[in-house]
1. Among residues belonging to segment 257-276 that are in a helix (DSSP H, G or I) and of a type in the set (S, T, N, Q), point out the one that is nearest to the chain's Cα centre (by Cα).
2. Any residue at all in segment 213-236 that is surrounded by fewer than 19 Cβ atoms within 10 Å (Cβ to Cβ), within 16 Å of the ligand (Cβ to nearest atom) and either farther than 18 Å from residue 76 by Cα or among the basic types (Lys, Arg) (or both)?
3. Residue 40 - would you say it is touching a Gly at 6+ places or on another chain (Cβ under 7 Å) and surrounded by fewer than 22 Cβ atoms within 10 Å (Cβ to Cβ)?
4. Checking the structure you have, find out if any residue of segment 132-141 is at pLDDT 95 or above and in a loop (DSSP other than H, G, I, E, B).
5. Would a scan of segment 92-107 turn up a residue that is under 28 Å from residue 62 (Cα atoms), over 21 Å from the mean Cα position of the chain (by Cα) and buried (at least 24 other Cβ atoms within 10 Å of the Cβ)?
6. Starting from segment 173-193, take each residue that is in contact (Cβ under 8 Å) with a residue 24 or more places away in the chain and in a loop (DSSP other than H, G, I, E, B) and list its partners that are hydrophobic (A, V, I, L, M, F, W, C) and near the ligand (Cβ under 9 Å from one of its atoms), counting only C-beta distances under 8 angstrom and pairs at least six apart or across chains.
7. Looking only at residues that are within 14 Å of the ligand (Cβ to nearest atom) and among the polar types (S, T, N, Q) in segment 139-173, which one is surrounded by the most Cβ atoms within 10 Å (Cβ to Cβ)?
8. Scan segment 110-117 and tell me whether some residue there is touching a residue at least 40 places away in the same chain (Cβ under 8 Å) and touching a Phe, Trp or Tyr at 6+ places or on another chain (Cβ under 8 Å).
Amino acid sequence: MTEKWIVGVDLGGTTTKLAFINTYGEIIHKWEISTDKEEDGKYIVINIAKAIDQKLQELDLTKDKLIGIGMGAPGPVDTKTGVIYNAVNLGWNTHFPLRDMLEVETSLQAVIDNDANCAALGEMWKGAGNGAKDLVCITLGTGVGGGVIANGQIVQGVSGAAGEIGHITSVPVNGARCNCGKTGCLETIASATGIVRIASNMLENNTSSGELMGIYQKEGHVSAKNVFDAARNGDKIANSVIEEVSFYLGLALANIANTLNPEKMVLGGGVSKAGQILLNPIKENFGKYSFPRVKESTEIAIATLGNDAGVIGAAWLIKNNISK
Ligand SMILES: [Zn+2]
């Protein structure tokens, strides 16, 4: 029998990542197209369908090579109806029937889920999760995303909003404003933007010199990467920023683990590339605030799939569907 492929799609506000993936989770071909948000996002799905047809043509293959299309989308998804809510950054109205549109335009079976959930499924299947069926994935990027997997299934909650780890209230009083409308969310601290905000506050109110202060005075701003690089060189202010970030992250992770006791908690996204300089103090705080039996059994690890987690997890949606 010839090998069949699944289309994995990671739909982003700027670019859409596509991949042909076999049923073992191996990427055969991957490519990107830009996301065309013109005219209320009406071209997004059509462009994806066209991109698939073009790629098949290039490879001299026909559509019967493909089993289905899985997609991670940026917004809360009702997985029963295949509707995505509040994807305003894509130009879509409050209720957009994404799954049905995909099926109509591609003539393939479609399954959709939230993008952070897909990243979690990708890491479970082929990444740091290494097959762990109880896993929590936290994506530390421009924002903070979360996906909770219990017994191999994404926890959706009553309205698809489970796993919003970025919006755990970390600072209940006088916290910074979050994009969600609340204040003091974990995202205002542990995202790249949060780290820059904390660093800028500390630098403004500090008179000491050092590597990070030097960059701040020269450029007028610092990046999250500047903070981690300077911390590695022993910069005091940079280390204070990491101390604050890792305290809130360690505390939040401990409380999630105290509730779920997952096998693994996987940290992904650009900020996780900081590596040990961030991971070690997070683990320390995690140890302080987790229930003893949880501390012994829940492992914290860095994600391994990088940008591929989304498309691999999206392909898993189809793989999981056909094996039912
Ligand atoms: Zn929030």
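The values are calculated or read from the model by the stated rules, or taken from the named source; none is laboratory data. Not measured: the values here are computed from a predicted model. Methodologically, a virtual Cβ is constructed for each residue, glycine included, from the backbone with ideal geometry; neighbour enumeration extends over all protein chains shown.
1. Of the residues in segment 257-276, the ones in a helix (DSSP H, G or I) are 257-260, 270-274, 276.
Pick out the ones that are also of a type in the set (S, T, N, Q) and you get 258-259, 272, 276.
Working: 258: 22, 259: 21, 272: 11, 276: 20 Å.
Top of the filtered list is 272.
2. Taking segment 213-236 as the starting set, the residues that turn out to be surrounded by fewer than 19 Cβ atoms within 10 Å (Cβ to Cβ) are 214, 217-221, 223, 225, 229, 232-234, 236.
Adding the requirement that they be within 16 Å of the ligand (Cβ to nearest atom) leaves none.
Looking through segment 213-236, none of the residues is surrounded by fewer than 19 Cβ atoms within 10 Å (Cβ to Cβ), within 16 Å of the ligand (Cβ to nearest atom) and either farther than 18 Å from residue 76 by Cα or among the basic types (Lys, Arg) (or both).
3. Values: touching a Gly at 6+ places or on another chain (Cβ under 7 Å): yes; surrounded by fewer than 22 Cβ atoms within 10 Å (Cβ to Cβ): yes.
When the stated conditions are applied, residue 40 passes them.
4. Among the residues of segment 132-141, at least one is at pLDDT 95 or above and in a loop (DSSP other than H, G, I, E, B), which makes the answer yes.
5. Within segment 92-107 (the criterion being under 28 Å from residue 62 (Cα atoms), over 21 Å from the mean Cα position of the chain (by Cα) and buried (at least 24 other Cβ atoms within 10 Å of the Cβ)), the answer is yes, since at least one residue qualifies.
6. As it stands, the answer is 186/144; 186/168; 191/144, since those pairs meet every condition given.
7. Per the stated criteria, the residue is 170.
8. Filtering segment 110-117 for residues touching a residue at least 40 places away in the same chain (Cβ under 8 Å) gives 110-117.
Then keep just the ones that are touching a Phe, Trp or Tyr at 6+ places or on another chain (Cβ under 8 Å); that gives none.
Within segment 110-117, not a single residue is touching a residue at least 40 places away in the same chain (Cβ under 8 Å) and touching a Phe, Trp or Tyr at 6+ places or on another chain (Cβ under 8 Å).
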